[in-house]
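The next block holds one structure in the form of structure tokens; read it before the comments.
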Amino acid sequence: MLPNSVREALLRLNEAGFEAWLVGGCVRDRLMGAEPHDYDITTSAIPEETEAVFAGERIIETGLRHGTVTVLLSGEPLEITTFRTEAAYSDHRRPDAVCFTRSLRGDLARRDFTVNAIAMDADGRLCDPFGGRADLEKKILRAVGDPEARFREDALRILRCARFSSVLGFAIEPATAAAMVRCRELLAYVSAERIYTELTKLLCGQDVRRLLMDHTDVLGAVLPELLPMKGFDQRNFHHIYDVLEHTARVVENVPPAPRLRWAALFHDAGKPACFTLDEQGVGHFYGHAEKSRELADAALLRLKTDNATREAADQLIRYHDWPMEPTAAVVRRALNKLGPEGLRDLIALKRADNLAQAPEFRDRQRTCDEIEALAAQIIAEQQAFSLKDLAINGGDLRALGIPPGPEMGRILDELLDAVISDRLPNEREALLAAANALCP
Ligand code: ATP
Ligand code: MG
């Protein structure tokens with residue numbers, strides 16, 4: 001069953017004598033048995049006609065230039081777009097002009113992939129001129145028309161293809177995949193923001209490992225950092241995979257949150273640059289965490305990532321290789337540095353990293369269990385791990401005659417350090433005595 005507002009919109013357009021169809025992701029998702037996150041309607045009505053059909057409703061005209069009228073029906077925004085075709089693309093990203101048409105087929109022909117070029121009317125009838133239904137059943141992504149021509153028109157489609165493949169778990173039809181490789185340099189014309197959006201969805205998709213492994217060259221056009229990882233033999237007993245395959249497995253094994261997936265993607269990116277061989281012929285990567293963090297930071301800045309995601313990823317990469325003993329003092333220190341969410345993320349990354357190493361080191365999963373249990377206990381018992389938890393504050397130190405400033409900060413930090421490492425109880429009297437002793 002369609003949502004009422006969607007059905008109503010289709011029927012109102014039909015009653016006024018226009019064709020109206022659902023199209024794109026919502027049709028694809030419904031045919032796959034998934035709940036669409038939004039519904040796009042395409043119609044033979046030109047925008048003025050659509051506005052007349054919905055006169056009296058709230059209408060938003062922001063997309064008008066592209067033929068899109070947004071109508072609010074029972075509070076739900078619905079995008080209604082006139083059938084259109086696109087004139088030549090001379091900059092590999094935007095059509096030089098959009099033209100309205102009264103032909104649904106013409107509209108479907110400009111769409112990117114066959115599974116995105118199926119239309120469905122209010123009664124559930126399909127219009128599927130490019131075999132989208134069959135490709136959906138075979139789980140295949142295939143460009144509508146000549147793939148190379150379509151990627152040359154709009155290079156973003158190359159990344160959309162990779163993204164849909166990862167998210168939907170669909171294979172890319174060979175001619176479409178070959179055209180992606182041939183056209184990959186055209187991704188230079190696509191804006192950083194759009195690249196970031198597609199890559200982030202790709203990284204959070206179910207089949208991200210396959211995309212990273214099988215389409216490295218295409219992704220390397222926007223993430224050149226991947227290329228040295230491919231085939232890089234680590235020559236170290238901890239590892240059974242090259243850097244790229246190890247990385248792809250870590251990405252797949254962390255929860256699908258952008259900061260974690262991006263951190264996993266870059267956590268070992270600095271390894272090729274840090275590689276050394278010892279006399280026994282064993283490979284080492286001293287300093288790789290910092291090098292990887294630098295590469296990630298530069299890449300995420302280049303892709304215009306939001307600061308929160310970039311900084312969270314940077315921090316995870318910096319600490320991913322930290323040895324952590326499962327003791328209360330170590331965990332309190334980590335909580336102080338990273339906060340509860342940051343520590344949870346770091347353990348998730350460490351678990352995934354370990355699962356993608358040689359199997360004889362799997363006992364480190366148990367260390368992760370122990371650290372998580374300790375963190376839960378420390379938080380539940382409200383043990384002190386940050387300055388605000390300390391049983392005294394700056395006011396107490398002022399009363400002892402210590403002026404506010406760097407000296408006071410140093411003393412508070414030392415007291416907290418003593419409490420975190422169990423050298424002092426978090427009690428007023430004990431802390432005041434220790435503060436007195438620390439006064440210069
Ligand atoms: P989702 O919204 O789940 O990411 P979607 O298929 O709805 O997937 P949108 O970006 O919302 O993707 O686009 C809606 C539809 O518009 C697509 O299904 C496709 O038919 C068409 N489309 C979007 N972008 C392009 C493009 N760059 N080239 C050709 N057609 C496109
Ligand atoms: Mg959509």
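Return only the number of the condition from (1) surrounded by fewer than 17 Cβ atoms within 10 Å (Cβ to Cβ); (2) at pLDDT 95 or above that residue 276 does not satisfy.
(2)
Look at the stretch 22-48 and say how many of its residues are more than 16 Å from residue 104 (Cβ to Cβ), within 16 Å of ligand 1 (Cβ to nearest atom) and surrounded by fewer than 20 Cβ atoms within 10 Å (Cβ to Cβ).
Taking the stretch 22-48 as the starting set, the residues that turn out to be more than 16 Å from residue 104 (Cβ to Cβ) are 25, 28-39, 47-48.
From the residues that got through so far, the ones that are within 16 Å of ligand 1 (Cβ to nearest atom) too are 25, 28-39.
In the following step, the residues that additionally are surrounded by fewer than 20 Cβ atoms within 10 Å (Cβ to Cβ) were identified as 25, 29-38.
Qualifying residue count, the stretch 22-48: 11.
Among the residues of the stretch 58-106, what is the count of those that are of a type in the set (Asp, Glu) and away from ligand 2 (no atom under 15 Å from the Cβ)?
Going through the stretch 58-106, the residues of a type in the set (Asp, Glu) turn out to be 61, 76, 79, 86, 91, 96.
Retained after the next criterion (residues that are away from ligand 2 (no atom under 15 Å from the Cβ)): 61, 86, 91, 96.
Selection size over the stretch 58-106: 4.
Specify which of the listed residues (51, 19) is closer than 11 Å to residue 71 by Cβ and open to solvent by 30 Å² or more (accessible area, probe 1.4 Å).
Numbers: 19 fails: closer than 11 Å to residue 71 by Cβ.
The unique qualifying residue is 51.
Which one is most open to solvent (accessible area, probe 1.4 Å) among residues in the stretch 99-116 that are touching a residue at least 40 places away in the same chain (Cβ under 8 Å) and within 15 Å of ligand 1 (Cβ to nearest atom)?
Within the stretch 99-116, the match that is most open to solvent (accessible area, probe 1.4 Å) is 111.
Here are some conditions: (1) within 31 Å of the chain's Cα centre (by Cα); (2) of a type outside the set (D, E, K, R); (3) surrounded by fewer than 13 Cβ atoms within 10 Å (Cβ to Cβ). Residue 379 meets all but one. Which one does it not meet?
Failed condition: (3).
Scan the stretch 323-371 for residues that are touching a Phe, Trp or Tyr at 6+ places or on another chain (Cβ under 6 Å) and either in a loop (DSSP other than H, G, I, E, B) or of a type outside the set (A, V, I, L, M, F, W, C) (or both) and jot them down.
332, 336
Pick from the stretch 7-40 the residues that are within 12 Å of ligand 2 (Cβ to nearest atom) and part of a strand (DSSP E or B): which of them is nearest to residue 134 (Cα to Cα)? First the steps, then the outcome.
Narrowing the stretch 7-40 to residues within 12 Å of ligand 2 (Cβ to nearest atom): 22-29, 36-40.
Subset that is part of a strand (DSSP E or B): 22-23, 40.
Values: 22: 18, 23: 16, 40: 22 Å.
Applying the filter and picking the extreme gives 23.
Scan the stretch 287-305 and give yes if some residue there is at pLDDT below 95, outside any helix (DSSP H, G or I) and open to solvent by 20 Å² or more (accessible area, probe 1.4 Å), otherwise no.
yes
Within the stretch 121-161, which residues are in contact with a strand residue (DSSP E or B) (Cβ under 8 Å, 6 or more places away or on another chain), open to solvent by less than 20 Å² (accessible area, probe 1.4 Å) and closer than 16 Å to residue 207 by Cα?
Result: 141, 161.
The values are calculated or read from the model by the stated rules, or taken from the named source; none is laboratory data. As the structure is a computational prediction, the values presented were derived from the model and not from experiment. Heads up, the Cβs are rebuilt from the backbone with ideal geometry, glycines too, and the neighbour counts pull from every protein chain shown. Surface accessibility is based on the protein's heavy atoms, side chains included, excluding ligands, DNA and RNA. Shrake-Rupley method; radii C 1.70, N 1.55, O 1.52, S 1.80 Å.
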